[in-house]
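FYI, it's all coordinate maths here, none of it is from the lab. Quantities reported herein were computed from a predicted structural model and do not represent experimental measurements. So basically every Cβ, Gly included, is an ideal-geometry build from the backbone, and we count neighbours across all protein chains shown.
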Amino acid sequence: MTDNRAWRLEDFVDSLVVELDKTRQTLAVKAINTQLSYSVKEVSLDVNAFPTYTDGSVRFTTAQPGEEGASKLSIQLNSITDQQVRATTRLKSVEAGTSLDEVEVDAGTRQKLRRIGVNSVDDLQELQARNVDLGAATDSDIDYGQLARKIQKARRGRSGPAIDAVSLTREDEPVLLIEGSQLAIDPTFEPVAVLNGELAEVLSHGPAHVSVAVPAGRSLAAENEVVITFDPYAVVRVNVRT
């Protein structure tokens, strides 16, 4: 027997729109190399269902073959041309932002975001920059602070720190200079350095360098362990030989 559960019209339309958006994206990509020789004309969709009103919400149960007395819901889709597809579709580049699939969020949250056109981290941040009330838009209590932390973690997974060289300068006080890429990329986080088990002062930092002062009165040994926390999701341990 088929599991015929009740559904909301909002959920049905939202799911239909998501599928149509996927189709539009595919057509837009295809139109780059091959001019579309057709256009999608009017499409109608009729659904026979039984509506019920419970606790202030209208739900529908799809009519089974042979059942009578169902109401008919008619959805009409207007035509769209290849020019309209290209004009209304934003193509994703290879360098596009982190996909929601790379962020550790539950399927329900991911689905709610996609229903409002959020398919990547960049989409989400663009809405946040415009002060859009995402909770009201998705009709949910999504913790966007927690989601932001998961986004940062996912991005760090794609662009982890890489150390190219470590050098020691001896001008006034000895300073360790760590050079590389994607080091201290979070401007809101002050890197933390530990040298041979002792907290050391970070003099300057940036995506390509971090300079660490050797604690006063301490001298470097032949083998030295430097642990640097660039941000909450990037901790590196380096063995420095003098």
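Values as computed for the structure displayed
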| read-out | value |
| --- | --- |
| Burial ordering of K150, K112, fewest other beta-carbon atoms within 10 Å first | K150, K112 |
| Built amide H within the under 5 Å cut-off of I116, gap 5+ | none |
| Residue list for the stretch 193-233, given a label point 7 angstrom along the Cα-to-Cβ vector of S159 and an amide N cut-off under 13 Å | 207-208 |
| Relative contact order for the stretch 170-242, counting Cα pairs under 8 Å that sit 6 or more residues apart, in percent | 32 percent |
| Taking all pairs of distinct alpha-carbon atoms in the stretch 162-241, Kirkwood radius in angstrom | 12.6 Å |
| Within the stretch 145-210, GluC sites (Glu not before Pro) in DSSP loop having at most 12 other beta-carbon neighbours inside 10 Å | E171 |
| Cα→Cβ-extended label distance, 7 Å offset, between E179 and T54, nm | 6.9 nm |
| FRET efficiency for V13 and A107, using Cβ-Cβ distance with R0 set to 22 Å, rounded to 0.05 | 0.65 |
| Contour excess over end-to-end distance, with Cα ends at T169 and V47 and 0.36 nm allotted per residue | 36.4 nm |
| Per-residue ³J(HN,Hα) for the stretch 213-226, Karplus 6.51 cos²θ - 1.76 cosθ + 1.60, θ = phi - 60°, Hz, x for Gly and Pro | 7, 6, x, 4, x, 10, 10, 6, 8, 5, 10, 10, 9, 10 |
